[in-house]
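Reading through the structure tokens given below for one structure.
Each reported figure results from applying straightforward, stated rules to the coordinates on display, with no laboratory input. This is a predicted model, so every value here is computed, not measured. Positions of Cβ are backbone-derived with ideal geometry, glycine not excepted, and every protein chain shown enters the neighbour counts.
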Amino acid sequence: MDETGVLPLLDELADLIEDGKPALGNKDRKQIEVGPALDIIDDIRQAFPVEFAQARQIVRERQGLLEDTEAECNRILEDARNQALIIASEQEIVRIAQQQAENILADAREMERETRAGAEDYADSVFSHIESTLDSLGENVRRVRERLNNKAGR
């Protein structure tokens with residue numbers, strides 16, 4: 001677990017202190033040899049920079065992972081926003097097209113109604129003219145017959 005060897009050094013220092021003689025009858029104070037204690041502390045100091053470097057490396061790696069994850073998250077969010085805009089735009093286009101289709105259909109119905117009314121008015125005018133012409137022809141036929149009858153019956 002301890003790649004740096006600091007934990008065994010700390011255990012060794014703790015053992016050195018525990019094995020020390022009580023100072024002046026006070027069990028909370030101990031007498032230890034300074035040389036071995038200082039050697040252990042020097043060894044710990046030498047091991048700590050490696051441990052700190054490893055910890056800094058781990059922190060940098062985690063920070064990099066967090067930054068990469070955040071960038072990916074932002075990219076996904078941007079993609080989602082763009083897709084939402086595209087969908088909303090497509091829906092708006094469909095809505096506008098439907099509105100235009102309804103307007104065109106309403107215009108076509110109005111044009112049909114106007115054309116039908118115009119055609120009926122035109123047909124009525126043509127039939128009225130034909131009727132007038134037929135009446136006039138009928139009147140001419142009657143007059144010609146009367147003349148014929150008058151000339152033949154004389």
Number of the condition not met by A47 [criteria: (1) farther than 30 Å from D15 by Cβ; (2) hydrophobic (A, V, I, L, M, F, W, C); (3) in contact with a Ser or Thr (Cβ under 8 Å, 6 or more places away or on another chain)]: (1)
Filtered residues of the stretch 1-47 (kept if in a strand (DSSP E or B) and surrounded by 12 or more Cβ atoms within 10 Å (Cβ to Cβ)): A23, K30
